[in-house]
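Visitor: Input: one structure, supplied below.
Each reported figure results from applying straightforward, stated rules to the coordinates on display, with no laboratory input. None of the values given here were measured: they were computed from a predicted structure. All Cβ positions, even for glycine, are placed from backbone atoms using ideal geometry, and neighbour counts span all protein chains on display.
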Amino acid sequence: MSTTEQPRVSSLPSLTTLAEIVQQCHDDSIRWFPECHEVIHHTLGLTGEAGEFANKVKKLHRGTDDIHDARTRYELVMELADVLIYTANIAALLKVDLAKAYAQKRMINERRFGNSGEAEQASD
């Protein structure tokens, strides 16, 4: 399979929850890279992949790449998936329940930014 071919859906694992995705990423990482299980390794990987994603977005913004081009879109999605994988591995190493953390952070953001930021502006 070439780097731009998408795997058949039937060959993909059926992961339905964020916790399952985190566990699968962590299990894969242990199997594929048995020597690299420290938060620093995954944090550096995350920043690298986020940079690669940002570079692709930059090229879209300046008009060098076109989001409607199948290869460009595929590469953008794959970089975003890499960001998710490193984030999931960090969560697994730190034993963070990302779904719970998201729900908590969303509540904070709702209080802070709800109603298009009117609540925060009123308190300034």
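Visitor: Under 12 Å from the Cβ of V83, count the other residues' Cβ atoms, weight Lys and Arg +1, Asp and Glu -1, and hand me the total.
Guide: Neighbourhood net charge equals -3.
Visitor: Another question about this same structure. Multiplying the sequence separation of R71 and L84 by 0.36 nm and subtracting their Cα-Cα distance, what value in nm do you get?
Guide: The span from R71 to L84 would gain 2.7 nm if fully extended.
Visitor: Percent of alpha carbon pairs in segment 17-96 separated by more than 16 Å?
Guide: Beyond 16 Å sits 54 percent of the P(r) for segment 17-96.
Visitor: Taking the Cβ of K56 as the centre, find all other residues whose Cβ is under 9 Å away and add up their charges (Lys, Arg: +1; Asp, Glu: -1).
Guide: -2
Visitor: Could I have the simple spin-label model distance between L60 and E38, label points 7 Å from Cα toward Cβ, reported in nm to one decimal?
Guide: 3.5
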